[in-house]
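As structure tokens, the structure follows; a few thoughts come after it.
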Amino acid sequence: MTVGRENLLSINGLRLQQGERILLVEDSVALSTLLTQRLEEETGAIVTRCGSLAQARKNIDEGTFLLALSGLNLPDAPNGEILDLLVEKEIPTIVFTAMFDAETRDRCTGKKIVDYIVKDGTKTVDKVVQTVSRIIANSAHKILVVDDARTARSELVEILNRQNFQVLEARSGRQALEILTADETIDIVITDYHMADMDGYELTRRIRQTRNSEQLRIIGISSSSDRLLSASFLKAGASDFIYRPFVHEELKCRIDNNVETLAQLNHLRRLAERDDLTGLANRRHFFSTMRQHGKQAIRGSIALLDIDHFKTVNDTYGHDAGDAVLQAISAVMADMCAPARHMPARIGGEEFAIYLNHLDAFQAHSFCEELRNTIGGLAITAGSRSISATISIGVVEFEPDETFENQLNAADQLLYLAKAKGRNRVYSTLTIPEAITPTASVES
């Protein structure tokens, strides 16, 4: 699919990374000191403090800032002139103010700031740090905006860019489906209802055929006066709905709530699917995934591996050292498996399995030899000691008409041979001409 210029990822949102700079404009020394300490500790940013408009102007002229935090009133700028400077210099800005009324809100939203925070005694510092952390985290999320009206689409994209999201655009429902098919990392779709080729209701219904609400959040928007439209969207599978013209704060809060929901769901999924020590897939998730694949023809190979003499490591150096070995070996597996989307898992104490996606017998054997050599060359630090480790591997290519359990049993028999023949080696159907026949199944 050819993606036009309007669909390209927007890159003008801030990307706050370790060591980059935040400008803090605040004339209260106590508040400024507390904010600086917390922000540098929790975000890794370098905070430059100033207490006046003149100092802010000087600092901006001398360096580049990805984000500004500012009060509204300063000794030499009592009427919010600091916002004019920050807007002129195109620095994304969070405002914190002791007063909040309609006039203050209009002034802040008119300047297109990122967010505003009302000072609330001891909670002010927490609120500022939480807001900055949220904006930083937004850079990990992709949002697809779907609207056939260019002006309306551009307005929404601008708001999302200021919030530091990665933003994609689609001019129609059909184009949105194409983009979603090409990019599985999109987290949120915001879609208008009235579109020429496909309305937002139909788009929502089609998206939900392949992506559930735990994978993708959908927010419907419309300028329609039909108050039942929101119910229709929600029944079609939308996660939320907003009527136009929307209040910017409401839009931001609703998006933030959906992002937070996704984060919580991902956290719960990780707890359910991941081994706590190594971060790899756990036994239950690996078996469940492979059996789900098994309903179709699985293309690839499966490897089982053991850490050689692992009990000796625990007995000699202690269980903390054993944990360090497990983590180091798991990290190597994760790094080597990621590019080809292989699936490594810890399925026992020192036993691991890897689904080698689309690798035939020759490719799988070669991969396992590379993995064995890499792990054999590790110097694993455990306290003041350096420990080495080796692994034994049994690997088989999936046979078209065999069950996953039988294939796993064949790999287990080859692993047994690898250990019986001296360990620190790979056994596969290439090294055993007579081949192991997968007959007996194993329990999960």
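The values are calculated or read from the model by the stated rules, or taken from the named source; none is laboratory data. Every value quoted in this text rests on a predicted model; they were computed, and no experiment measured them. Note that each Cβ is placed from the backbone with ideal geometry, even for glycine, and that neighbours are counted across all protein chains shown.
Suppose we filter Leu262, Leu268, Leu234 for residues that are under 30 Å from Ala137 (Cβ atoms), part of a helix (DSSP H, G or I) and in contact (Cβ under 8 Å) with a residue 60 or more places away in the chain; which single one remains? Spell out the reasoning first.
Numbers: Leu268 fails: in contact (Cβ under 8 Å) with a residue 60 or more places away in the chain; Leu234 fails: in contact (Cβ under 8 Å) with a residue 60 or more places away in the chain.
Selected residue: Leu262, the only one of Leu262, Leu268, Leu234 that is under 30 Å from Ala137 (Cβ atoms), part of a helix (DSSP H, G or I) and in contact (Cβ under 8 Å) with a residue 60 or more places away in the chain.
So, of the residues in the range 112-141 that are surrounded by fewer than 17 Cβ atoms within 10 Å (Cβ to Cβ) and closer than 17 Å to Leu251 by Cα, which turns out to be modelled with the lowest pLDDT?
It comes out as Lys112.
Scan the range 357-385 for residues that are touching a Phe, Trp or Tyr at 6+ places or on another chain (Cβ under 9 Å) and closer than 24 Å to Gly318 by Cα and report the count.
3
Starting from residues that are among the aliphatic types (A, V, I, L, M) and under 13 Å from Cys108 (Cα atoms), keep the ones in the range 71-84 and report whichever is modelled with the lowest pLDDT. Give the derivation first.
The initial filter retains those residues of the range 71-84 that are among the aliphatic types (A, V, I, L, M), namely 72, 74, 77, 82-83.
If we keep only those that are under 13 Å from Cys108 (Cα atoms) too, we end up with 72, 82-83.
Details: Leu72: 85, Ile82: 93, Leu83: 90.
Ranking the candidates gives Leu72 first.
Please enumerate the residues belonging to the range 180-201 that are among the β-branched types (Val, Ile, Thr) and surrounded by fewer than 19 Cβ atoms within 10 Å (Cβ to Cβ).
Hits for the range 180-201 are Thr181, Thr185.
Scan the range 10-20 and tell me whether some residue there is buried (at least 19 other Cβ atoms within 10 Å of the Cβ) and either modelled with pLDDT of 90 or more or in the same structural domain as Pro78 (by TED's automatic domain parsing) (or both).
For the range 10-20, residues buried (at least 19 other Cβ atoms within 10 Å of the Cβ) and either modelled with pLDDT of 90 or more or in the same structural domain as Pro78 (by TED's automatic domain parsing) (or both): absent.
Of (1) touching a Ser or Thr at 6+ places or on another chain (Cβ under 6 Å); (2) more than 15 Å from Leu408 (Cα to Cα), His309 satisfies all except one. Which?
Answer for His309: the failing condition is (1).
For the range 291-303, give me the residue count where each residue is modelled with pLDDT of 90 or more and either more than 29 Å from the chain's Cα centre (by Cα) or polar (S, T, N, Q) (or both).
Of the range 291-303, the ones modelled with pLDDT of 90 or more are 300-303.
Subset that is either more than 29 Å from the chain's Cα centre (by Cα) or polar (S, T, N, Q) (or both): 301.
Summing the residues that are modelled with pLDDT of 90 or more and either more than 29 Å from the chain's Cα centre (by Cα) or polar (S, T, N, Q) (or both) in the range 291-303 gives 1.
Can you name the number of the only condition in (1) modelled with pLDDT under 90; (2) more than 21 Å from Leu67 (Cα to Cα) that Ala149 fails?
(1)
So which residues in the range 203-230 are over 18 Å from Leu156 (Cβ atoms) and loosely packed, with under 14 Cβ neighbours inside 10 Å, if there are any at all?
Selection gives Gln209, Thr210, Asn212, Glu214, Ser225, Asp226, Arg227, Leu228.
Does Phe233 qualify as being surrounded by 20 or more Cβ atoms within 10 Å (Cβ to Cβ) and assigned by TED's automatic domain parsing to the domain that holds Gln327?
On the way: surrounded by 20 or more Cβ atoms within 10 Å (Cβ to Cβ): yes; assigned by TED's automatic domain parsing to the domain that holds Gln327: no.
It is false that Phe233 is surrounded by 20 or more Cβ atoms within 10 Å (Cβ to Cβ) and assigned by TED's automatic domain parsing to the domain that holds Gln327.
When the residues of the range 38-57 are narrowed to those that are part of a helix (DSSP H, G or I) and under 27 Å from the mean Cα position of the chain (by Cα), which ends up surrounded by the fewest Cβ atoms within 10 Å (Cβ to Cβ)? Steps first, please.
Here is the first cut: in the range 38-57, the residues part of a helix (DSSP H, G or I) are 38-43, 53-57.
After this cut, where a residue has to be under 27 Å from the mean Cα position of the chain (by Cα) as well, the list is 38-43.
Working: Arg38: 16, Leu39: 22, Glu40: 13, Glu41: 10, Glu42: 13, Thr43: 20.
Checking each candidate, the answer is Glu41.
Are any of the residues in the range 310-319 modelled with pLDDT of 95 or more and in contact with a Phe, Trp or Tyr (Cβ under 8 Å, 6 or more places away or on another chain)?
No, the range 310-319 contains no residue that is modelled with pLDDT of 95 or more and in contact with a Phe, Trp or Tyr (Cβ under 8 Å, 6 or more places away or on another chain).
Please give the number of the condition Ser392 fails out of (1) of a type in the set (Ser, Thr, Tyr); (2) touching a residue at least 60 places away in the same chain (Cβ under 8 Å); (3) more than 20 Å from Thr278 (Cβ to Cβ).
Every condition holds for Ser392 apart from (3).
So Glu399 clears everything in (1) in a helix (DSSP H, G or I); (2) among the charged types (D, E, K, R); (3) surrounded by fewer than 18 Cβ atoms within 10 Å (Cβ to Cβ) except one condition, right? Which one?
The one condition Glu399 does not meet is (1).
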